[in-house]
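The values are calculated or read from the model by the stated rules, or taken from the named source; none is laboratory data. Because the structure is predicted, anything quoted here is derived from the model rather than measured. All Cβ positions, glycine included, derive from the backbone under ideal geometry; neighbour counts span all protein chains shown. Just so you know, the surface numbers come from the protein's heavy atoms only, side chains and all, with ligands and any DNA or RNA stripped out. Shrake-Rupley method; radii C 1.70, N 1.55, O 1.52, S 1.80 Å.
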Amino acid sequence: MFSLRQENISTSNKGTVKYGELLVLGCNGSLPGGDKGRRKSRFALCRRNKANGVKPSTVHTTCTPQAAQAVSNKVQHSISYTQSRTQTVVVEYTHDSDTDMFQVGRSGENPIDFVVTDVVPGAYGQNTESSAAQSTISRFACRIICQRNPPYSARIYAAGFDSHKNIILGERAAKWRMEDGQMDGLTTNGVLVMHPRRGFSRDSGPGLWREISVCGNVFTLRETRSAQQRGKTVSSESNELVDGSLIDLCGATLLWRTAEGLVHTPTVKHLEALRQELNAGRPQCPVGFNTLAFPSLSRKDVPDEKQPWAYLRCGHVHGYHSWGGRRDPEVEAECQERECPMCRTRGPYKPLWLGCEAGFYVDAESPTHAFVPCGHVCSEKTAAYWSQIPLPHGTHAFHAACPFCVQPLSGDVGCVRLIFQSPLD
């Protein structure tokens, strides 16, 4: 097997400094219709040719001519905090030559670097444009500020600047004046962040979800996503992203991978080698005695006649057969339960698909486990990690989900070890 570290270094050292990458959970390697422009399943943040970062500068209180001019000035970035019809606090932002700014949101306007729309559970991607009107993701959801010099730290802030270089928090938005006199606030549905414990590796564990403010301060969660009352300040934590940090935009969840973390991550080439190694073992269906094979990664959602299927309660792997069930695979995929002919355990009978997004893996080990009930296959440690991560769902619920399709997990542990039968000859 080739060196994982050497391959990643050889493909990333091309003179460009990469801060990290954002990956959309629920996209198994690409969007359903393919990645197009700024709308894609993953986005690399690299040092810009010219710094475009900004930092807070002058503060204008009440509706003064200076405040009105700051808001209307399309060259100057500003954040407006509307306290009442007669009082607005405007904070001007000035150029920061030491940082690069990247903005994420649903809008397709130029200020947005990475366009993200709602993710549909189990659909390998994102919603259709017809549902954009009901989207809960903000058009200008958040911004990430990266230091242009080592250690290239990245910090996240709620809200992004619009085409007029403004962020406007209206009367109903949660906002307040801090002890140092500066203003701060929260966006309507909030930006939540979770930093994993012990990094993003085989030994990682879930951290606590926090909310990030417009100024980058950290708070405990509100009672619901859009509640007026903010949570408690968590001064011991920061808005600096670490390898494996999760960012929830209320409709889509992003995974942050640092450039250093990606060096130790399997590549598509490595996953393809694992697939070929798995198929080389010639796993066999214990009922039809036909040889099974995982389809190529490029056909990750197209059923194949040699497609492995599994009973996801016991883990026994078969080819598709009609023993004890219906004869139509498409109807079978919707069937809730069937009895395994090997051990008589009843459970979901689903086709198995290899997880193709390498950035979701916590190690580079062989694919031995499947998520329940979707059937996506990955390494044991990867399955164990994501099975214990509570992802935000709706306004106040959390549940573990498969990272490749964000379908909620079921069963006691959310995943199962696969049992392959070797060929008899």
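Can you find a residue in the stretch 4-16 that is more than 30 Å from Ser296 (Cα to Cα), among the β-branched types (Val, Ile, Thr) and at pLDDT 85 or above? Within the stretch 4-16, one or more residues are more than 30 Å from Ser296 (Cα to Cα), among the β-branched types (Val, Ile, Thr) and at pLDDT 85 or above. Taking the stretch 159-193 as the range and being farther than 30 Å from Asn110 by Cβ and not basic (Lys, Arg) as the test, the residues that pass are Trp176, Met178, Glu179, Asp180, Gly181.
Scanning the stretch 352-387 for residues that are part of a loop (DSSP other than H, G, I, E, B) and β-branched (Val, Ile, Thr), we see that the one that is surrounded by the fewest Cβ atoms within 10 Å (Cβ to Cβ) is Thr368. Within the stretch 124-133, the presence of at least one residue that is at pLDDT below 95 and aliphatic (A, V, I, L, M) is confirmed. If you go through the stretch 411-424 and keep only what is part of a loop (DSSP other than H, G, I, E, B) and touching a residue at least 40 places away in the same chain (Cβ under 8 Å), you end up with Gly411, Gly414, Leu418, Phe420, Ser422, Pro423, Leu424.
Pairs meeting the criteria (first residue in the stretch 22-34 and within 15 Å of Pro121 (Cβ to Cβ), second residue open to solvent by 10 Å² or more (accessible area, probe 1.4 Å) and assigned to a strand (DSSP E or B), beta carbons under 6 Å, at least 6 apart or on different chains) are Leu25/Thr253; Gly26/Val119. Tell me, please, whether a residue that is farther than 30 Å from Glu365 by Cβ and buried (at least 22 other Cβ atoms within 10 Å of the Cβ) can be found in the stretch 220-229. Within the stretch 220-229 (the criterion being farther than 30 Å from Glu365 by Cβ and buried (at least 22 other Cβ atoms within 10 Å of the Cβ)), the answer is no, since none of the residues qualifies. Check every one of the strands (runs of 3 or more DSSP E) wholly within the stretch 129-231 and list those with 1 or more residues that are closer than 28 Å to Lys55 by Cβ and of a type in the set (Phe, Trp, Tyr). Output list reads 154-158, 175-177, 209-212.
Look at Glu237 and say whether it is over 21 Å from Phe43 (Cβ atoms), in contact with a Gly (Cβ under 8 Å, 6 or more places away or on another chain) and at pLDDT 95 or above. Outline the logic, then answer.
Numbers: over 21 Å from Phe43 (Cβ atoms): yes; in contact with a Gly (Cβ under 8 Å, 6 or more places away or on another chain): no; at pLDDT 95 or above: yes.
Criteria not met by Glu237.
When the residues of the stretch 291-304 are narrowed to those that are in a loop (DSSP other than H, G, I, E, B) and open to solvent by 60 Å² or more (accessible area, probe 1.4 Å), which ends up modelled with the highest pLDDT? Please lay out each step first, then the result.
The first filter runs over the stretch 291-304 and keeps only residues in a loop (DSSP other than H, G, I, E, B), leaving 292-296, 300-304.
From what is left, the residues that are open to solvent by 60 Å² or more (accessible area, probe 1.4 Å) are 301-303.
Details: Asp301: 65, Val302: 67, Pro303: 71.
Among them, the one singled out is Pro303.
For the stretch 255-265, taking the residues that are within 11 Å of the chain's Cα centre (by Cα) and of a type in the set (A, V, I, L, M, F, W, C), the one that is surrounded by the fewest Cβ atoms within 10 Å (Cβ to Cβ) is identified as Leu255. Applying the criterion of being among the polar types (S, T, N, Q) and assigned to a strand (DSSP E or B) to the residues of the stretch 233-254, the residue that is least open to solvent (accessible area, probe 1.4 Å) is Thr253. Could you list, in sequence order, the residues of the stretch 87-107 that are surrounded by fewer than 21 Cβ atoms within 10 Å (Cβ to Cβ), within 15 Å of Arg143 (Cα to Cα) and small (Gly, Ala, Ser)? Listed by number, the list holds a single entry, Ser107. Just one residue in the set Val242, Val218, Val268 is modelled with pLDDT under 95, of a type in the set (A, V, I, L, M, F, W, C) and within 21 Å of the chain's Cα centre (by Cα); that residue is Val268.
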